[in-house]
Amino acid sequence: MVYGLAFAAVNGSSLAAKAPELPPLNRFPRMVHNYFIEQARRIEAKADERRASLKNRQDAERYVAEVRQKIQQCFGPWPEKTPLNPRITGTVERDTYRIENIIFESRPGFQVTANLYVPKNGPFPRPGVVGTCGHSHDGKAAESYQSFAQALCRLGYVVLIYDPIGQGERLQYPDDKLKSTIGGGVREHLYAGNQQFLVGDFLGSWRAWDGIRALDYLLTRKEVDPKQVGVTGNSGGGTMTTWLCGVEYRWSMAAPSCFVTSFLHNLKNELPADTEQCPPRALALGLDHSDFLAAQAPNPVIILAKERDFFDVRGSQIAHQRLRSLYGLLGAEKEVELFVGPTPHGYSQENREAMYRWFNRATQVSTATTEPELIIEKNQTLWAAPQGQVAMLKSRTVFDFTRDKSIALGKKRAPISSATSLRKALIDVLRLNEANGSSRPAPDYRILRSHSYGARKFPKSDWTTYMVDTEPGIQSVVYRLNDEDHQSRPPQGVKKAILYVSHQSSDVELRKDSMLKQLIHENPEAAFYSCDVRGIGESRPNTCAQNAYLNPYGSDYFYAIHSIMLNRPYVGRRTLDVLRVIDWLKATGHSEVHLVAAGWGSIPATFAAVLAEPVKQVTLKNALTSYSAIAESKTYNWPLSSLVPGILQHFDLPDCYALLKRTKKLHLIEPWDENGKTVEHDHVSPPTHPSPPTR
């Protein structure tokens, strides 16, 4: 997935065609990161106060009920349980057990591949375990995951281990050679998951639903004791084990490995996580990893951590301390434990053996304390689907469901023609409680020295940098271009201003884009400003990895997904940045604003133009045609930071464009489609979805 959209100039040239003489200015690369740490730190402190207030059993029981209800807000609503349609496609006979290769449907037509490990000898029923996999290319066939499933079976458990979405036999984007066109595991999770947000879905819920339905299948087996069923997994499977503890209450025991720490530790350590590892609203609701395990209290839970893991063991210790306190109030302090293995990340033997001992303690099925001798199977032996891919069975994909839901929402959704209604919908979907401009005071600002950064070949001879406060901890970087030397506040008494919202860097675009030069030349009476919103240009983060900003797993994604956990969409925060800069312009005396934007910047600029009264004219270059186009295309090239969760349940970008054309002289220049390619102007409208003809 490529996030660096080409930025075509009006004359057909590209910003990326020639390297700039000077590197892009980026004076504030830690601002966004520090802001998010402060947000998460305040939330954690408040949540810890709530935990500290628990004094007795009744308080603890209320807390468990409370976190369960909050978790459902992150993951629900759930789909209807439909027939699993399970089938055994092969059986592997071994000395003391057999492996059944199984396919079931967690949703209609959505096929899940699994292996069921069944002991050959009774007595039955026996304890059961659902195994969830981490980010291995081979899914359930990876050696460490085969190992724990087979070992548990040899110890007397019935074990069902299933492939995650995008791994093993369940690639969502296979090519003709049955290899992922996106990149397996993480890449497929991000690509399908980011797109899902537009229609109000969350990949973590889809992943957890597979686990719930896996449990449903396991409980259909007569070999399984329904009162003794556990769940375990490592890394991404540790994530799923943790989430499944929070959303499903039929488990009698759990052992998440190499995941449980805290959201704040992951954030401070600049550790990106998959889409499914970042539940919407989780931070806003005050939830942490420990709370998903608290939802299981007082059932036995062991946290399996690693001393040398990138999942910070300090957070694992904090999670354990929280759970011990809660379990103690419930009279079950010994039912929660922490084991820290000495090695790096992975479901290594010492962690697996700690899990066996914990499950054996809960079930009494075995007295073994070490791992039995194992036979690691070849991948092909464990295949449930032809050629090891459900694509050969024409299984539906996550994208198929996203596309169909977008089409259904488009048919259901009526165009919003009223400016008042659209503004209200915008404020709601962007979570813009600050959007009432009449009550906002003019923002404070700083004036920075600009001339020590080299001779920038801007369309005017001089420039001044202003740092405009948009909310505590965040400033938009604003350049004012001047005809003569100017190092103080903006000149007063100029009625009209042009405000340019950049695509990825005001500095680069002012030097390279002929449209901006032409705009300045044609409007000599107007003051000209450019704006880098948070995370763009001058505040482009340098976190997560070196030069990782535009990578699918990089810093732009990192803060976008944390914004979703905060229930404050990144686009909404960037829209606020534009609105506050417009407030500042108004306070400076600019009563008429011509809002201009390009590429990524066109989205917050569009929303700000709908909401801001001083905006009288709008020009958008390389604006996205519609969110529906992204949701209904198997390929797309826009980052999560440009997407708005749930927006297609309410309206789409063309609703905004239609209003701005009627009221604010909107001019669209070379709009971009879902893949960042230029389309004709008349294509900037939602896809039409006529109903099939009746017979």
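Data for the structure
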quantity: Subset tally (residues that are at pLDDT below 95, in a loop (DSSP other than H, G, I, E, B), in contact with a strand residue (DSSP E or B) (Cβ under 9 Å, 6 or more places away or on another chain) and surrounded by fewer than 17 Cβ atoms within 10 Å (Cβ to Cβ)) for region 435-453; calculated: 1
quantity: Test for P127: is it in contact (Cβ under 8 Å) with a residue 24 or more places away in the chain and surrounded by fewer than 24 Cβ atoms within 10 Å (Cβ to Cβ); calculated: no
quantity: Odd one out for A368 among (1) out of contact with any Pro (no Cβ under 7 Å at 6 or more places or on another chain); (2) modelled with pLDDT of 95 or more; (3) of a type outside the set (S, T, Y); calculated: (2)
quantity: Meets criteria (touching a residue at least 40 places away in the same chain (Cβ under 8 Å) and either surrounded by fewer than 12 Cβ atoms within 10 Å (Cβ to Cβ) or within 29 Å of the chain's Cα centre (by Cα) (or both)) for I427; calculated: yes
quantity: Residue, farthest from A141 (Cα to Cα), within region 311-354, restricted to residues that are acidic (D, E) and in contact with a strand residue (DSSP E or B) (Cβ under 6 Å, 6 or more places away or on another chain); calculated: E337
quantity: Test for R580: is it more than 30 Å from E276 (Cβ to Cβ), assigned to a helix (DSSP H, G or I), at pLDDT 95 or above and not small (G, A, S); calculated: yes
quantity: Test: residue in region 73-88 that is among the basic types (K, R), in the same structural domain as P372 (by TED's automatic domain parsing) and crowded, with 23+ Cβ neighbours inside 10 Å; calculated: no
quantity: Residue check, Y553 more than 17 Å from R574 (Cβ to Cβ), under 32 Å from the mean Cα position of the chain (by Cα) and not in a strand (DSSP E or B); calculated: yes
quantity: Region 153-174 residues that are under 24 Å from R126 (Cβ atoms), paired with ones that are polar (S, T, N, Q) and part of a strand (DSSP E or B) (beta carbon under 6 Å, 6 or more apart); calculated: I161/N115; D163/T113
quantity: Test: residue in region 30-47 that is surrounded by fewer than 14 Cβ atoms within 10 Å (Cβ to Cβ), closer than 23 Å to Y327 by Cβ and modelled with pLDDT of 95 or more; calculated: yes
quantity: Considering residues of region 262-287 that are of a type in the set (S, T, N, Q) and in a helix (DSSP H, G or I) only, the residue nearest to Q196 (Cα to Cα); calculated: T275
quantity: Region 134-157, residues that are over 21 Å from W358 (Cα atoms) and not in a helix (DSSP H, G or I); calculated: H135, S136, H137, D138, A142
quantity: Test for F104: is it out of contact with any strand residue (DSSP E or B) (no Cβ under 7 Å at 6 or more places or on another chain) and not charged (D, E, K, R); calculated: no
quantity: Sole residue being buried (at least 20 other Cβ atoms within 10 Å of the Cβ) and of a type in the set (S, T, Y), chosen from T220, T239; calculated: T239
quantity: Any hit, region 254-263, residues being touching a Phe, Trp or Tyr at 6+ places or on another chain (Cβ under 9 Å) and surrounded by fewer than 24 Cβ atoms within 10 Å (Cβ to Cβ); calculated: no
quantity: Of residues in region 312-335 being touching a residue at least 60 places away in the same chain (Cβ under 8 Å) and in a loop (DSSP other than H, G, I, E, B), the one surrounded by the fewest Cβ atoms within 10 Å (Cβ to Cβ); calculated: G331
quantity: Residue in region 131-141 that is nearest to the chain's Cα centre (by Cα), counting only those that are surrounded by 21 or more Cβ atoms within 10 Å (Cβ to Cβ) and without any contact (Cβ under 8 Å) to a residue 60 or more places away in the chain; calculated: S136
quantity: Per-region count, region 508-542, residues surrounded by fewer than 22 Cβ atoms within 10 Å (Cβ to Cβ), in a loop (DSSP other than H, G, I, E, B) and touching a residue at least 24 places away in the same chain (Cβ under 8 Å); calculated: 4
quantity: Count - residues of region 163-177 that are among the acidic types (D, E) and surrounded by fewer than 24 Cβ atoms within 10 Å (Cβ to Cβ); calculated: 2
quantity: Given (1) within 12 Å of G599 (Cβ to Cβ); (2) part of a loop (DSSP other than H, G, I, E, B), index of the condition Q492 fails; calculated: (1)
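Quick grid of which residues meet (1) part of a loop (DSSP other than H, G, I, E, B); (2) at pLDDT 95 or above; (3) β-branched (V, I, T):
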| residue | (1), (2), (3) |
| --- | --- |
| N360 | no, yes, no |
| E373 | yes, yes, no |
| T381 | no, yes, yes |
| D400 | no, yes, no |
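The values are calculated or read from the model by the stated rules, or taken from the named source; none is laboratory data. These figures come from a predicted structure and were not determined experimentally. Virtual Cβ from ideal backbone geometry, glycine too; neighbours counted across all protein chains shown.
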